[in-house]
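Novice: Take this structure, written in C-alpha coordinates, and hold onto it; I'll ask about it next.
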Amino acid sequence: MEHYAPAQQIYAAGLIFARLSAVVMLIPGIGETFVPVNIRLAFAVLLALVLYPIVGTLVPAIPADVAGVALAVIKETAIGLMIGSILRFFMASLATTGEVISIQTTLSFSQTANPTQAQPTTSVGTFLGLLGILLVMTTNLHHLFLSAIVRSYTIFPFTRPIPLTDANTLAIQTVAKSFALGLQLAGPVMALALIVNVATGLVGRVMPQFQIFLVVSPLMVLLGLSVLGLSLGVIGMVWVDHYRDLLAIFA
(Lines give C-alpha, C1' and ligand atoms only; values in the text may rest on other atoms or scores of the structure.)
Protein backbone atom coordinates (compact mmCIF):
# COMPACT_ATOMS: atom_id res chain seq x y z
CA MET A 1 0.00 0.00 0.00
CA GLU A 2 2.95 2.37 0.47
CA HIS A 3 3.12 2.68 -3.31
CA TYR A 4 -0.15 4.66 -3.10
CA ALA A 5 0.10 6.48 0.26
CA PRO A 6 2.31 6.61 3.37
CA ALA A 7 1.61 4.14 6.15
CA GLN A 8 0.32 6.85 8.50
CA GLN A 9 -2.30 7.97 5.98
CA ILE A 10 -3.45 4.40 5.39
CA TYR A 11 -3.68 3.80 9.14
CA ALA A 12 -5.67 7.01 9.66
CA ALA A 13 -8.05 6.25 6.80
CA GLY A 14 -8.53 2.72 8.16
CA LEU A 15 -9.50 3.99 11.61
CA ILE A 16 -11.91 6.51 10.11
CA PHE A 17 -13.48 3.80 7.96
CA ALA A 18 -13.80 1.45 10.96
CA ARG A 19 -15.98 3.96 12.83
CA LEU A 20 -17.94 5.08 9.78
CA SER A 21 -18.71 1.58 8.56
CA ALA A 22 -20.18 0.63 11.94
CA VAL A 23 -22.35 3.77 12.02
CA VAL A 24 -23.51 3.43 8.41
CA MET A 25 -24.59 -0.16 9.00
CA LEU A 26 -27.03 0.92 11.73
CA ILE A 27 -28.30 4.46 11.18
CA PRO A 28 -31.92 4.75 9.98
CA GLY A 29 -32.46 5.14 6.27
CA ILE A 30 -28.98 4.33 5.02
CA GLY A 31 -28.42 1.36 7.30
CA GLU A 32 -31.67 -0.49 6.60
CA THR A 33 -31.50 -4.19 5.82
CA PHE A 34 -33.11 -3.70 2.41
CA VAL A 35 -30.16 -1.52 1.34
CA PRO A 36 -27.48 -3.84 -0.15
CA VAL A 37 -24.40 -4.27 2.01
CA ASN A 38 -22.02 -3.38 -0.81
CA ILE A 39 -23.80 -0.06 -1.29
CA ARG A 40 -23.50 0.74 2.41
CA LEU A 41 -19.83 -0.20 2.41
CA ALA A 42 -19.20 1.88 -0.68
CA PHE A 43 -20.92 4.83 0.98
CA ALA A 44 -18.77 4.34 4.10
CA VAL A 45 -15.58 4.26 1.99
CA LEU A 46 -16.60 7.42 0.13
CA LEU A 47 -17.49 9.16 3.39
CA ALA A 48 -14.17 8.13 4.93
CA LEU A 49 -12.28 9.66 1.99
CA VAL A 50 -14.30 12.87 2.37
CA LEU A 51 -13.70 13.11 6.13
CA TYR A 52 -10.02 12.20 6.00
CA PRO A 53 -8.82 15.79 5.31
CA ILE A 54 -10.93 16.97 8.27
CA VAL A 55 -10.11 14.43 10.97
CA GLY A 56 -7.06 12.67 9.55
CA THR A 57 -4.68 14.98 11.42
CA LEU A 58 -6.25 13.92 14.75
CA VAL A 59 -5.18 10.30 14.35
CA PRO A 60 -2.22 9.38 16.57
CA ALA A 61 0.91 7.67 15.32
CA ILE A 62 0.86 4.02 14.29
CA PRO A 63 1.32 1.68 17.30
CA ALA A 64 4.54 -0.25 17.47
CA ASP A 65 2.89 -3.70 17.38
CA VAL A 66 0.00 -5.43 15.65
CA ALA A 67 -1.96 -5.75 18.89
CA GLY A 68 -2.04 -1.97 19.27
CA VAL A 69 -3.39 -1.58 15.74
CA ALA A 70 -6.05 -4.23 16.36
CA LEU A 71 -7.15 -2.59 19.61
CA ALA A 72 -7.42 0.78 17.88
CA VAL A 73 -9.61 -0.69 15.13
CA ILE A 74 -11.80 -2.50 17.68
CA LYS A 75 -12.17 0.69 19.69
CA GLU A 76 -13.26 2.74 16.67
CA THR A 77 -15.68 0.02 15.60
CA ALA A 78 -17.18 -0.07 19.11
CA ILE A 79 -17.68 3.70 19.10
CA GLY A 80 -19.39 3.49 15.71
CA LEU A 81 -21.67 0.70 16.91
CA MET A 82 -22.52 2.72 20.01
CA ILE A 83 -23.53 5.80 18.01
CA GLY A 84 -25.43 3.83 15.38
CA SER A 85 -27.25 1.73 17.98
CA ILE A 86 -28.42 4.78 19.94
CA LEU A 87 -29.73 6.39 16.75
CA ARG A 88 -31.43 3.10 15.85
CA PHE A 89 -32.99 2.63 19.30
CA PHE A 90 -35.15 5.71 18.88
CA MET A 91 -36.88 4.14 15.89
CA ALA A 92 -38.49 1.76 18.40
CA SER A 93 -40.84 4.57 19.44
CA LEU A 94 -42.77 4.23 16.17
CA ALA A 95 -42.81 0.45 16.52
CA THR A 96 -44.24 0.84 20.02
CA THR A 97 -46.89 3.21 18.70
CA GLY A 98 -47.86 0.74 16.00
CA GLU A 99 -48.07 -2.17 18.45
CA VAL A 100 -50.25 -0.24 20.90
CA ILE A 101 -52.57 1.02 18.17
CA SER A 102 -52.85 -2.49 16.72
CA ILE A 103 -53.80 -3.92 20.10
CA GLN A 104 -56.37 -1.22 20.75
CA THR A 105 -57.96 -1.57 17.30
CA THR A 106 -57.90 -5.42 17.32
CA LEU A 107 -55.49 -5.40 14.37
CA SER A 108 -52.62 -7.09 16.16
CA PHE A 109 -53.27 -10.29 14.19
CA SER A 110 -52.45 -8.47 10.94
CA GLN A 111 -48.75 -9.12 10.40
CA THR A 112 -46.62 -7.69 7.58
CA ALA A 113 -42.96 -8.23 6.71
CA ASN A 114 -41.19 -5.17 8.07
CA PRO A 115 -38.18 -4.26 5.88
CA THR A 116 -36.74 -2.06 8.64
CA GLN A 117 -36.53 -4.93 11.14
CA ALA A 118 -36.19 -7.99 8.88
CA GLN A 119 -39.08 -9.68 10.68
CA PRO A 120 -42.89 -9.60 10.57
CA THR A 121 -44.57 -6.91 12.67
CA THR A 122 -48.06 -5.50 12.81
CA SER A 123 -49.20 -3.74 9.66
CA VAL A 124 -49.62 -0.45 11.52
CA GLY A 125 -46.14 -0.76 13.02
CA THR A 126 -44.64 -1.49 9.60
CA PHE A 127 -46.41 1.53 8.13
CA LEU A 128 -45.19 3.84 10.89
CA GLY A 129 -41.65 2.48 10.60
CA LEU A 130 -41.56 3.25 6.88
CA LEU A 131 -43.10 6.63 7.62
CA GLY A 132 -40.26 7.33 10.04
CA ILE A 133 -37.64 6.59 7.37
CA LEU A 134 -39.53 8.84 4.94
CA LEU A 135 -39.56 11.66 7.50
CA VAL A 136 -35.83 11.22 8.15
CA MET A 137 -35.09 11.72 4.47
CA THR A 138 -37.62 14.44 3.68
CA THR A 139 -36.79 16.59 6.72
CA ASN A 140 -33.02 16.28 6.13
CA LEU A 141 -32.38 14.53 9.42
CA HIS A 142 -29.85 12.39 7.58
CA HIS A 143 -27.78 15.56 7.25
CA LEU A 144 -27.68 15.70 11.04
CA PHE A 145 -26.53 12.07 11.02
CA LEU A 146 -23.48 13.11 9.02
CA SER A 147 -22.94 16.09 11.31
CA ALA A 148 -23.13 13.78 14.32
CA ILE A 149 -20.51 11.50 12.77
CA VAL A 150 -18.09 14.39 12.29
CA ARG A 151 -18.85 15.72 15.77
CA SER A 152 -18.16 12.29 17.27
CA TYR A 153 -14.44 12.73 16.57
CA THR A 154 -14.48 15.68 18.96
CA ILE A 155 -16.64 14.01 21.62
CA PHE A 156 -14.84 10.65 21.31
CA PRO A 157 -11.31 11.44 20.10
CA PHE A 158 -8.89 8.72 19.06
CA THR A 159 -6.79 9.12 22.21
CA ARG A 160 -9.66 8.90 24.71
CA PRO A 161 -10.93 5.61 26.15
CA ILE A 162 -14.48 4.57 25.36
CA PRO A 163 -16.87 6.11 27.96
CA LEU A 164 -18.77 2.90 28.64
CA THR A 165 -20.68 4.27 31.63
CA ASP A 166 -21.93 7.32 29.74
CA ALA A 167 -22.76 5.22 26.70
CA ASN A 168 -24.81 2.75 28.75
CA THR A 169 -26.65 5.59 30.48
CA LEU A 170 -27.47 7.29 27.19
CA ALA A 171 -28.64 4.02 25.64
CA ILE A 172 -30.95 3.28 28.59
CA GLN A 173 -32.34 6.81 28.55
CA THR A 174 -32.92 6.62 24.79
CA VAL A 175 -34.82 3.33 25.07
CA ALA A 176 -36.91 4.66 27.96
CA LYS A 177 -37.73 7.90 26.14
CA SER A 178 -38.59 6.07 22.93
CA PHE A 179 -41.00 3.76 24.76
CA ALA A 180 -42.63 6.68 26.57
CA LEU A 181 -42.89 8.62 23.32
CA GLY A 182 -44.46 5.61 21.62
CA LEU A 183 -47.21 5.52 24.25
CA GLN A 184 -47.75 9.27 23.94
CA LEU A 185 -48.08 9.09 20.16
CA ALA A 186 -50.68 6.34 20.53
CA GLY A 187 -52.59 8.42 23.10
CA PRO A 188 -55.50 9.51 20.83
CA VAL A 189 -56.28 5.93 19.80
CA MET A 190 -55.91 4.73 23.39
CA ALA A 191 -58.38 7.40 24.56
CA LEU A 192 -60.83 6.37 21.84
CA ALA A 193 -60.48 2.70 22.77
CA LEU A 194 -61.18 3.51 26.42
CA ILE A 195 -64.35 5.40 25.52
CA VAL A 196 -65.56 2.64 23.19
CA ASN A 197 -64.84 -0.08 25.75
CA VAL A 198 -66.72 1.78 28.48
CA ALA A 199 -69.66 2.34 26.13
CA THR A 200 -69.57 -1.31 25.13
CA GLY A 201 -69.68 -2.39 28.76
CA LEU A 202 -72.67 -0.15 29.45
CA VAL A 203 -74.59 -1.37 26.41
CA GLY A 204 -73.77 -4.95 27.32
CA ARG A 205 -75.19 -4.43 30.78
CA VAL A 206 -78.36 -2.79 29.48
CA MET A 207 -78.92 -5.26 26.62
CA PRO A 208 -77.39 -8.61 27.65
CA GLN A 209 -78.87 -10.45 24.65
CA PHE A 210 -77.43 -8.06 22.07
CA GLN A 211 -74.30 -9.36 20.27
CA ILE A 212 -72.37 -6.20 21.02
CA PHE A 213 -68.94 -7.44 19.89
CA LEU A 214 -70.20 -8.16 16.38
CA VAL A 215 -70.94 -4.45 16.06
CA VAL A 216 -68.12 -2.98 18.13
CA SER A 217 -65.19 -4.86 16.53
CA PRO A 218 -65.55 -3.41 12.99
CA LEU A 219 -66.59 -0.06 14.46
CA MET A 220 -63.42 0.02 16.58
CA VAL A 221 -61.26 -0.73 13.54
CA LEU A 222 -62.94 2.02 11.53
CA LEU A 223 -62.78 4.62 14.30
CA GLY A 224 -59.22 3.68 15.32
CA LEU A 225 -57.84 3.96 11.81
CA SER A 226 -59.75 7.21 11.30
CA VAL A 227 -58.23 8.74 14.43
CA LEU A 228 -54.79 7.48 13.37
CA GLY A 229 -55.22 9.09 9.95
CA LEU A 230 -56.31 12.40 11.46
CA SER A 231 -53.42 12.46 13.96
CA LEU A 232 -50.77 11.17 11.54
CA GLY A 233 -49.41 14.65 10.81
CA VAL A 234 -49.06 15.46 14.51
CA ILE A 235 -47.40 12.10 15.15
CA GLY A 236 -44.82 12.78 12.46
CA MET A 237 -44.07 16.32 13.64
CA VAL A 238 -43.69 15.33 17.30
CA TRP A 239 -41.50 12.35 16.45
CA VAL A 240 -39.22 14.41 14.21
CA ASP A 241 -38.81 17.08 16.90
CA HIS A 242 -37.82 14.50 19.51
CA TYR A 243 -35.41 12.81 17.08
CA ARG A 244 -33.82 16.17 16.32
CA ASP A 245 -33.33 16.75 20.06
CA LEU A 246 -31.56 13.40 20.32
CA LEU A 247 -29.27 14.24 17.41
CA ALA A 248 -28.42 17.56 19.08
CA ILE A 249 -26.49 15.55 21.70
CA PHE A 250 -23.99 14.47 19.03
CA ALA A 251 -24.28 17.28 16.52
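The values are calculated or read from the model by the stated rules, or taken from the named source; none is laboratory data. These numbers come from a predicted model, not from an experiment. All Cβ positions, glycine included, derive from the backbone under ideal geometry; neighbour counts span all protein chains shown.
Novice: Within the bounds of segment 18-26, is there any residue that is closer than 17 Å to PHE156 by Cβ, under 19 Å from the mean Cα position of the chain (by Cα), buried (at least 18 other Cβ atoms within 10 Å of the Cβ) and free of Cβ contacts under 8 Å to residues at least 60 places away in the same chain?
Specialist: Within segment 18-26 (the criterion being closer than 17 Å to PHE156 by Cβ, under 19 Å from the mean Cα position of the chain (by Cα), buried (at least 18 other Cβ atoms within 10 Å of the Cβ) and free of Cβ contacts under 8 Å to residues at least 60 places away in the same chain), the answer is yes, since at least one residue qualifies.
Novice: With LEU228, LEU223, LEU247 as the choices, which residue is among the hydrophobic types (A, V, I, L, M, F, W, C), farther than 30 Å from LEU146 by Cβ, surrounded by 12 or more Cβ atoms within 10 Å (Cβ to Cβ) and in contact with a Leu (Cβ under 7 Å, 6 or more places away or on another chain)?
Specialist: None of the others qualify; the one that does is LEU223.
Novice: Please verify whether segment 19-33 includes one or more residues that are modelled with pLDDT of 85 or more, among the small types (Gly, Ala, Ser) and more than 26 Å from GLN119 (Cβ to Cβ).
Specialist: Taking every residue of segment 19-33 in turn, none turns out to be modelled with pLDDT of 85 or more, among the small types (Gly, Ala, Ser) and more than 26 Å from GLN119 (Cβ to Cβ).
Residue by residue, here is whether (1) surrounded by fewer than 23 Cβ atoms within 10 Å (Cβ to Cβ); (2) touching a Lys or Arg at 6+ places or on another chain (Cβ under 6 Å); (3) without any contact (Cβ under 8 Å) to a residue 40 or more places away in the chain; (4) among the aromatic types (Phe, Trp, Tyr) holds:
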site: LEU94; (1), (2), (3), (4): no, no, no, no
site: THR97; (1), (2), (3), (4): no, no, no, no
site: LEU107; (1), (2), (3), (4): yes, no, no, no
site: ASN114; (1), (2), (3), (4): yes, no, yes, no
site: PRO120; (1), (2), (3), (4): yes, no, yes, no
site: PHE127; (1), (2), (3), (4): yes, no, yes, yes
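Novice: In the set LEU130, LEU134, LEU144, LEU107, which member is touching a helix residue (DSSP H, G or I) at 6+ places or on another chain (Cβ under 7 Å) and either of a type in the set (Val, Ile, Thr) or part of a helix (DSSP H, G or I) (or both)?
Specialist: Just one listed residue meets the conditions, LEU144.
Novice: Same structure again: Which condition from (1) modelled with pLDDT of 85 or more; (2) within 19 Å of ILE79 (Cα to Cα); (3) surrounded by 12 or more Cβ atoms within 10 Å (Cβ to Cβ) is the one that TRP239 breaks?
Specialist: (2)
Novice: Another one. If you check every pair at least six apart or on different chains, which have Cβ atoms under 9 Å apart with a residue in segment 137-163 that is under 14 Å from LEU87 (Cα atoms) and polar (S, T, N, Q) first and a residue that is part of a helix (DSSP H, G or I) and at pLDDT 85 or above second?
Specialist: Hits for this filter: SER152/ARG19; SER152/VAL23; SER152/ILE79; SER152/GLY80; SER152/ILE83.
Novice: Turning to a different aspect of this structure: Which of the residues belonging to segment 36-95 are of a type in the set (Lys, Arg) and modelled with pLDDT under 85?
Specialist: Residues satisfying the conditions do not exist here.
Novice: Here's another thing I want to ask about it. Looking at segment 47-62, I want the residues that are in a loop (DSSP other than H, G, I, E, B) and have a partner that is among the acidic types (Asp, Glu) with Cβ atoms under 7 Å, at least 6 apart or on another chain. Which pairs are those?
Specialist: none
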